[in-house]
Ligand code: CP
Ligand code: NVA
């Protein structure tokens, strides 16, 4: 049982250095290759990952659970609906208890402060499986996907079209760590958090016109207009984001070889047209698959080390 009093956590991309992130992506590519070759690799035999979900998930749950199985370990699905967390047991106490039994904890929740408080009281590594502020695991998959399709992203231009949300924030952090330019096109009132943006000012530009942001871009990315927890703002957001759909005219402004990514789930006809997400620039299915490989590399690094 891992009893490290100061475990490494992965709450933000900024928790890892550029060198560590690069190594992790190459390890993910390697784990994908060996999995597809049918080779067994079970370094997490006897290890358990607790997965705490306070929001819905398809990809995050399935990729972490399957990843633990493939690495020889076990994953526990814990919903706040049927654990004591949902009945008000303090997050600090839950962290103390869970981390005396399991080897790693993944949490998907609302306030980012919740994962930070959990991590501060955990004896084992804690992974951010999405908060209102950040979604770093998705960026591991996105960066792996770019690497596999186009090579190094350093020096390239990425266009983020849409909400200045948790995914946008993680792209801002990625721009710093991976050294790309990020053009963010969002409507006024939906800008990213200045606390995330300001330290990345050298890498990022805020624009209002999606076609201008996409001009010459090597990668175009978007996400839903209303994130989990914002369902009641759907109509208001549909108005605010009208004109921000990634459609063929946006992709035509990008580089001819540009890739299109979306963390999914997607709403065709809202943030992206069917012609783009189902079209030749789109790599969204590779991106979704890479959640598995990138997080296996992360679990291996955090639980047993390289
Ligand atoms: N992209 C992503 O995190 O998907 P889920 O919400 O299905 O986990
Ligand atoms: N921004 C979205 C991402 C879903 C994976 C949300 O938080 O709902």
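The values are calculated or read from the model by the stated rules, or taken from the named source; none is laboratory data. As the structure is a computational prediction, the values presented were derived from the model and not from experiment. Please note: Cβ atoms are built from the backbone with ideal geometry, for glycine as well, and neighbour counts cover all protein chains shown.
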- prompt: If you take the residues of segment 117-146 that are over 16 Å from residue 170 (Cβ atoms) and in contact with a helix residue (DSSP H, G or I) (Cβ under 7 Å, 6 or more places away or on another chain), which of them is nearest to ligand 1 (Cβ to nearest atom)?
  reply: 126
- prompt: Taking the condition surrounded by 19 or more Cβ atoms within 10 Å (Cβ to Cβ), in contact (Cβ under 8 Å) with a residue 24 or more places away in the chain and in a helix (DSSP H, G or I), does residue 261 pass?
  reply: no
- request: Six or more apart or on different chains, Cβ under 9 Å: which pairs go from a residue in segment 279-295 that's modelled with pLDDT under 95 to one that's surrounded by fewer than 21 Cβ atoms within 10 Å (Cβ to Cβ) and in a helix (DSSP H, G or I)? Could you list them?
  value: none
task: Identify the single condition in (1) over 18 Å from residue 174 (Cα atoms); (2) away from ligand 1 (no atom under 16 Å from the Cβ) that residue 149 does not satisfy, given that it satisfies every other one.
output: (1)
message: residue 114 - would you say it is more than 16 Å from ligand 1 (Cβ to nearest atom), touching a helix residue (DSSP H, G or I) at 6+ places or on another chain (Cβ under 8 Å) and under 20 Å from residue 170 (Cα atoms)?
response: yes
- prompt: Could you say whether any residue in segment 63-74 is outside any helix (DSSP H, G or I) and loosely packed, with under 15 Cβ neighbours inside 10 Å?
  reply: yes
field: Failed item in (1) buried (at least 22 other Cβ atoms within 10 Å of the Cβ); (2) within 16 Å of ligand 2 (Cβ to nearest atom), with residue 55 passing the rest
entry: (1)
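Condition first: without any contact (Cβ under 8 Å) to a residue 12 or more places away in the chain and either under 18 Å from residue 251 (Cβ atoms) or under 19 Å from the mean Cα position of the chain (by Cα) (or both). Now tell me which residues in segment 141-159 satisfy that.
Once the filter is applied, which keeps residues that are without any contact (Cβ under 8 Å) to a residue 12 or more places away in the chain and either under 18 Å from residue 251 (Cβ atoms) or under 19 Å from the mean Cα position of the chain (by Cα) (or both), segment 141-159 yields only 152.
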query: How about segment 177-256: which strands (runs of 3 or more DSSP E) wholly inside it have at least 3 residues that are over 16 Å from residue 272 (Cα atoms) and without any contact (Cβ under 8 Å) to a residue 40 or more places away in the chain?
result: 181-185, 204-207
message: Checking the conditions here, which among 291, 268, 205 is touching a helix residue (DSSP H, G or I) at 6+ places or on another chain (Cβ under 7 Å), surrounded by fewer than 20 Cβ atoms within 10 Å (Cβ to Cβ) and on the phi < 0 side of the Ramachandran plot?
response: 268
- line: Checked against (1) more than 16 Å from ligand 2 (Cβ to nearest atom); (2) over 21 Å from residue 141 (Cβ atoms), residue 225 satisfies every condition except (1)
- prompt: Taking the stated definitions as given, is residue 240 at pLDDT 95 or above, more than 24 Å from the chain's Cα centre (by Cα) and surrounded by 13 or more Cβ atoms within 10 Å (Cβ to Cβ)?
  reply: yes
